[in-house]
1. Condition first: within 22 Å of the chain's Cα centre (by Cα), of a type in the set (Phe, Trp, Tyr) and on the phi < 0 side of the Ramachandran plot. Can you find one or more residues in the range B:39-53 that meet it?
2. Please return the ranges of helices (runs of 4 or more DSSP H) entirely within the range A:264-338 where 2 or more residues are under 29 Å from A:Asn387 (Cα atoms) and within 12 Å of chain B (Cβ to nearest Cβ).
3. I'd like to verify a number: residues in the range A:258-275 that are within 19 Å of A:Ala214 (Cα to Cα) and among the small types (Gly, Ala, Ser), how many?
4. Could you check the range A:1-87 for helices (runs of 4 or more DSSP H) lying wholly inside it with 2 or more residues that are of a type in the set (Asp, Glu)?
5. Find the residue count for the range A:32-79, including only residues that are within 12 Å of another protein chain (Cβ to nearest Cβ) and among the acidic types (Asp, Glu).
6. Go over the candidates B:Ile129, B:Ile142 one by one and state the one that is within 11 Å of chain A (Cβ to nearest Cβ), surrounded by 13 or more Cβ atoms within 10 Å (Cβ to Cβ) and part of a helix (DSSP H, G or I).
7. How about the range A:1-22: which of its residues are more than 16 Å from A:Gln171 (Cβ to Cβ), in contact with a helix residue (DSSP H, G or I) (Cβ under 8 Å, 6 or more places away or on another chain) and surrounded by fewer than 17 Cβ atoms within 10 Å (Cβ to Cβ)?
8. Just one of the numbered conditions (1) within 14 Å of another protein chain (Cβ to nearest Cβ); (2) buried (at least 23 other Cβ atoms within 10 Å of the Cβ); (3) under 19 Å from the mean Cα position of the chain (by Cα) is not true of A:Cys131; which one?
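Taken together, the values in this text are just the output of simple stated rules run on the coordinates, not laboratory data. Not measured: the values here are computed from a predicted model. Because the Cβ atoms are built from the backbone with ideal geometry, glycine has one as well, and the counts that use them run over all protein chains shown.
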Amino acid sequence: MPEGKLCNKQTVDTEEQLQALLDDKSGKQYYEEMNYLDVDSDALWATMQKTLKSRLKTWLKICAHCGMCADSCFFYLANKKDPEQVPSYKIISTLGELVKRKGQVDNAFMQTVMDTAWSKCTCCNRCGMYCPFGIDMGIMFSYTRGLCFSQGFVPWELKIGSGMHRIYRAQMNVTTEDWVDTCEWMAEEYEEDWPGLKIPVDVQNADIIYTVNAREPKHYPEDLAEAAILFHLAGENWTVPSEGWEETSLAMFAGDWGACKMQVETVYDAMTRLNAKRMVVTECGHAYRATVLEGPYWAGRKDGQTPIPTFHYVEWVAEALRTGKIKIDPDKKIKEPVTYQDSCNYIRNAGLKDVAREIMGYIAEDFREMKPNKEHNFCCGGGGGLNGIGRYREQRNIGLKVKRDQILETGCKLVIAPCHNCWDAIRDLEEEFRIGIRWSFLKPLLIHMAVVPDHLKPPEE
Amino acid sequence: MYAFVTGPLAWLTFIIFFCGVTYRAIWYFRGLNWQLDRVAYKPHMSYGIKGALRSIFFWLIPFGTHSWRFYPFFTICFFAFHIGLLFTPFFIYGHNVLLQERFGFSLWSMSDGAADFMTCMVLVAAIFIIMRRNALPEVRIITTPYDYLVLAIAVAPFVTGLLARHQVGNYNFWLITHILSGELFLVAIPLTKLSHFIGFFLSRAQIGMDYGIKRGGMKSKGLSW
């Protein structure tokens, strides 16, 4: 069976294909079919010849095998320093072999590559900071994921995820109608407490166009309401687009570069269509990475920039606090020890470390850094799509130990995690290890702490 | 024999070395691709150059980066080895005599004692590097015979040079072996993994530009290497 019904080299572009995958609970049939999937070695080698250029070739060639990347990897540390978790080993034994064998590999090997690329690397890019040559194995594993995807060797959930983007332009089946309805519903739901609260859809020439993670309208619509409340408090002239509102990219985690392009183009179209001055992205790390950092390249934008200036939510919060648009009630500042989870995607890979500290300066009386921190922080343990892949749950849970120990060392019981993946991973580590911590996005904390001007308060009964 | 190895063979070596290293640099730059690498090199060149220089600078300083500080033992071995390897050949008295004879100029020469010290420093560092390769499971698993081969190629001119200078056994034999191993070293630089001689700078510049342009350099003071 060269191509399975569910597990194959085709992209998921129709609702029928998607439904068939969703009906296959836990991907049982999908992974069974994967055992018989043929490797198209010629196509694999042709892709590598076209896309493996001097940067990656040099990295593979000059790696001095010094092992300095070992301790940079949280998987290596969490797995009791298992040498097979050394980043250099992981990439040499996968991508390195693919290149060496010119793509002439078998099914079993491709499954090993897939398992390594998704369960032993979250593409957090920390190793690249510890290599004397700057060899970034996160980048190489992201590239390797693309090769795997093109051959159909991709975890079931991410095949579905990339299909969602292709069909709905969102990581979940949230239609334009669902989204607009959710915006209206949330505005109505909270209007009693916040008179005049609106979630303006498709307003032209706003100062801010706000975009989100599909999980928010789908599972946590109150997050959208909280964003609206904070914009309302700050007096911002803002809007959300009816289409192009989804910032995330499971397609990026899947290595489906075609779907990545489709997804970001809808967001860029919204920016242009509504002619907003700037865009603000919700509290999500990979969404920012996908749409702001990588997206322009997928979309072929030569300046590497989004059509309008783009800001992560923490940048907007810091600005709102700095300019006094949002004032914090000193009595309501966080009194207990609190720590901050630096997200790989917008701290290490986007340089927003100081912005995060600025916010903590406004809202916390006893802010404690994790060790290491800022761009040197460890991945939460669930990045790169790993949180959502059932096949690798055990490996993910082992990896969480590093974050658990970092949090325990701070002595804090509250962790601020303005990133969906980090938030999920920290929630799961609490479920797994029961260390008695709480975790939060910034929005609910800020609403609790903000000074509400009299004219924005509900009329007294 | 001496005339041959210091004459035509030496020139051939220099040509291969210079052309090879130049070719590697040109090949590397030509192979960079803004869309595949996802770095807009040209439109943001000033941020890129700043990032590249920072990325190279901090890594050239002993203990200048988090990684160097994390592995102090290896860092000492690494810098002792590389400083000895790169600088000693230029300041050996014998080499400068040769330079004066052939080209009419010479550089400052260190004392024989200092030269011996530098040579021994390279050799001792190499021994520690080999021991580390064998002792640490995380290094052993990625070590290949090729790693030992390039290390041997790099160290051979120092061993033979030391034996020649102290005239252990047959001076002429060691002298010729020294010259040949030195030439092999130079030829191996562009042709083997020793291409990190230039590759270090190219690769560090590229990752520095990546961080300088795309990954935060335009919104922060720069990555803390």
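1. The answer is no; no qualifying residue exists.
2. Helices (runs of 4 or more DSSP H) meeting the threshold: A:295-298, A:313-322.
3. Residues in the range A:258-275 being within 19 Å of A:Ala214 (Cα to Cα) and among the small types (Gly, Ala, Ser): 2 in total.
4. Filter on the range A:1-87 gives A:15-23, A:28-34.
5. Selection size over the range A:32-79: 1.
6. The unique qualifying residue is B:Ile129.
7. Residues satisfying the conditions are A:Met1, A:Lys5, A:Gln10, A:Thr14.
8. Unmet condition: (3).
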